[in-house]
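To start, the structure under review is shown below, and the notes come after it.
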Amino acid sequence: MFEAPNSAAALARASQKLANGVSSGLRRSVTPILYFERADGPYFYDIDGHTLVDYTLGWGPLILGSNHPAINAAVTRQLACGYTFGAQHHGEIELAELITRVAPGVEQVIFSSSGTEAVQAAIRLARATTGRDKIVKFEGHYHGWMNNIHVSHRPRGNDPFQPEPGFGGQPVSEYQHTVTAPWNDLGALECCFAQHPGQIAGVIMEPLLVNSGSCEPTRGFLAGVLKKCRRYGAVSIFDEVITGFRLALGGAREYYGLEPDLSVYGKALAGGFSLAAVGGRSEMFDVLRDGRTTHGGSYNGNPICIAAAIATINTLAQPDTFKRMHAHGHALRAALEKAAQSHGVQFLTCGSGAAFSAHFGLAKPPRDYRETLAADAADCEKFRAAMLANGIYLLPEGRWYVSAVHSERELEIATKAIAVAMPTIAPATH
Ligand SMILES: Cc1ncc(COP(=O)(O)O)c(C=O)c1O
């Protein structure tokens, strides 16, 4: 039994003055709602005295865990030199050079402060470049919370081509140019181009659909999307806010060997600091140089976040970092699957080693958002609660993030927790 009375009291106090008690709506789904006083490496310490192995990574950014000496040193050095300039500094040049060195086909970048903002910048670049308005996005993909793109993230209707707003307060007029399609279906994408001839500015996608059950792209799908974009004159956009600096140093571009027109980065890019970027071939940014459009932000290129990003990337670039990270994830996946099998629980994992999803009740890996709906959400939550009671902090919907600082020790703790938690899901007949 996991008890957190201090966190419960803190939430009650927060709810008096902090609207809804939390600072981002999605955090309400991570129950019980916990308060943390510090974090170190792969461990989170809550205000009730629990030490938790963290596989949430702050929803992805903590690719080097917390309190990492390289990030701390870089940020501390920068603190003494200035917090923000709203002007130019060497760090942004260095980081732009670094990203263009590690991300295949990225020749230039621009910076923003969050993934949501950077996605908007990419959409604007696509529209200004093509002179068209429509953006295709796939069901179940998440690209931030803006009205034009937070559409069909968790659709309830039966028609995948019918865009559905994510929340209240999203007027139809703001997503009238958003076209939706099912993931992993090139025929469906072809229909979108056919229905909106000469109108589609860009196609945006999470190359690995981590936000909806880590559905992997089927063989040839991503390459097929890029080809169609080229054929119809639309800008292809990988939203790499999760996959960037996670699947590989060069993100999904390197992992899948593909070069879309634009990639959007965030989260792991700065190891926990608020920085995002859009990268692509230089010609994709002509529209900024010739004044067809612009991109702004008081905090763009913030020197503290830039310093954190340089330290993060240089640390990630050390030999075998990604090999170890993926190996850790695959060992977790194997432990989960073995435990499920030995307790007669229908279960599978899918995704990569560095980010994967665990599904109860599925017989085969889901191909798209709609197939993830067949998974047993109640068992998934029950398992998460049992893991928490055994010292492992996980995100909802079975999502696991692995960092470069998770070691054999945490693997052992997690494996023991799995051995205790999985039988709580075991069928009654077992
Ligand atoms: C794929 C993807 N794109 C964009 C975003 C939005 O990023 P941010 O939360 O930094 O605004 C997220 C956030 O989870 C994401 O997962």
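Taken together, the values in this text are just the output of simple stated rules run on the coordinates, not laboratory data. Since the model is a prediction, treat every value here as computed from it, not as a measurement. Every residue, glycine as well, gets a Cβ built from its backbone with ideal geometry; the counts of neighbours run over all protein chains shown.
Semi-axis lengths, largest first, of the ellipsoid equivalent to the chain are 33, 27, 21 Å, with √(5λ) applied to each eigenvalue of the Cα gyration tensor.
When the C-alpha to C-alpha distance is required to be over 23 Å, the pairs from Lys228/Lys323; Lys137/Lys228; Lys228/Lys267 that qualify are Lys228/Lys323; Lys228/Lys267.
The packing ranking, built from the mean of other Cβ atoms within 10 Å per residue, places the peptides 171-183, 390-402 in the order 390-402, 171-183, highest first.
Checking every one of the chymotrypsin sites (Phe, Trp or Tyr not before Pro) in region 59-109 against DSSP loop status and a limit of 11 other Cβ atoms within 10 Å picks out Tyr83. Computed from backbone phi, the HN-Hα couplings of region 93-101 come to 5, 4, 5, 4, 5, 5, 4, 5, 6 Hz, rounded to whole numbers (Karplus: 6.51 cos²θ - 1.76 cosθ + 1.60, θ = phi - 60°; Gly and Pro given as x).
The trypsin sites (Lys or Arg not before Pro) of region 81-189 meeting both criteria, a DSSP state outside H, G, I, E and B (loop) and at most 14 other C-beta atoms within 10 angstrom of the site's C-beta, are Arg156.
Of the trypsin sites (Lys or Arg not before Pro) found in region 291-346, those in coil by DSSP whose Cβ has at most 15 other Cβ atoms within 10 Å are Arg292.
When Met1, Met387 are sorted by how many other C-beta atoms sit within 10 angstrom of their C-beta, beginning with the fewest, the order is Met1, Met387.
Here the Gaussian network model covers the chain, with springs between Cα atoms less than 10 Å apart; of Gly198, Gly157, Gly291, Gly291 fluctuates the most. Extension gain for Asn72-Asn314 works out to 85.8 nm (0.36 nm per residue, less the C-alpha to C-alpha distance). Shown for region 69-316 is the translational diffusion coefficient from the Stokes-Einstein equation, using the Kirkwood radius over Cα pairs, a temperature of 20 °C and a viscosity of 1.002 mPa s: 117 µm²/s. Under a model in which nothing but the beta-carbon of Lys, Arg (+1) and Asp, Glu (-1) is charged, the chain shows a dipole of about 300 debye around its Cα centre.
Charges were assigned to the Cβ only: +1 to each Lys and Arg, -1 to each Asp and Glu. The resulting dipole of region 69-316 about its Cα centre is roughly 100 debye.
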